[in-house]
Amino acid sequence: MLEAIITDMESSFRKGVIQEKTSFRFTLDEVTITVVLDAQSYSVERGTAVSAADCSCGTSAEMFGKIWNEGYRPGIMDFFGGAIKCDLPLMLPRFLQAFGK
């Protein structure tokens, strides 16, 4: 499932949505990926590619897939209930917008 999402990122990336270089670290179950975006490009690396990500988020691969593939938008209870742990949850919609989600 994660590989399919990474492949989908290539065709859905929207230039210009993120203006400054911004890094997102996602821990999905036992797998960590780092996505770095700027106005013209993005990169995805497995593991911790930057020492301090601008936004770090942890959730299940199932929840990430639901958000990416089904358009689910987490509510406050997803965060308070622990289904999603994120240091800057208000950055997540911008990440999704950068990929047309």
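Filtering Thr27, Thr7, Thr34, Thr48 for residues that are more than 21 Å from Gly100 (Cα to Cα), outside any loop (DSSP other than H, G, I, E, B) and hydroxyl-bearing (Ser, Thr, Tyr) leaves a single hit, Thr27.
Listed here are the residues, each with its yes/no results for (1) at pLDDT 95 or above; (2) among the β-branched types (Val, Ile, Thr); (3) buried (at least 18 other Cβ atoms within 10 Å of the Cβ).
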position	(1), (2), (3)
Arg14	yes, no, no
Lys21	yes, no, no
Arg25	yes, no, yes
Asp29	no, no, no
Val35	yes, yes, yes
Ser41	yes, no, no
Thr48	no, yes, no
Ala52	no, no, no
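Matching residues to (1) of a type in the set (D, E, K, R); (2) surrounded by 12 or more Cβ atoms within 10 Å (Cβ to Cβ); (3) in contact (Cβ under 8 Å) with a residue 12 or more places away in the chain:
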residue: Asp38; (1), (2), (3): yes, yes, yes
residue: Gly58; (1), (2), (3): no, yes, yes
residue: Met77; (1), (2), (3): no, no, no
residue: Ala83; (1), (2), (3): no, yes, yes
residue: Asp87; (1), (2), (3): yes, yes, yes
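So is Ala98 among the hydrophobic types (A, V, I, L, M, F, W, C) and modelled with pLDDT under 95 or not? The answer is no for Ala98. Considering region 31-54, the residues that are in contact with a strand residue (DSSP E or B) (Cβ under 9 Å, 6 or more places away or on another chain) and small (Gly, Ala, Ser) include one that is nearest to Ile6 (Cα to Cα), namely Ser43. Given the condition among the small types (Gly, Ala, Ser), at pLDDT below 95 and over 16 Å from Leu2 (Cα atoms), answer yes or no: does some residue in region 55-69 qualify? No, the conditions are met nowhere in region 55-69. Pull up region 16-36, narrow it to residues that are among the aliphatic types (A, V, I, L, M) and in contact (Cβ under 8 Å) with a residue 40 or more places away in the chain, then point me to the one that is farthest from Lys85 (Cα to Cα). Filtering region 16-36 for residues that are among the aliphatic types (A, V, I, L, M) and in contact (Cβ under 8 Å) with a residue 40 or more places away in the chain, the one farthest from Lys85 (Cα to Cα) comes out as Val17.
The values are calculated or read from the model by the stated rules, or taken from the named source; none is laboratory data. Owing to the predicted nature of the structure, the values given are computational and were not obtained by experimental measurement. Because the Cβ atoms are built from the backbone with ideal geometry, glycine has one as well, and the counts that use them run over all protein chains shown.
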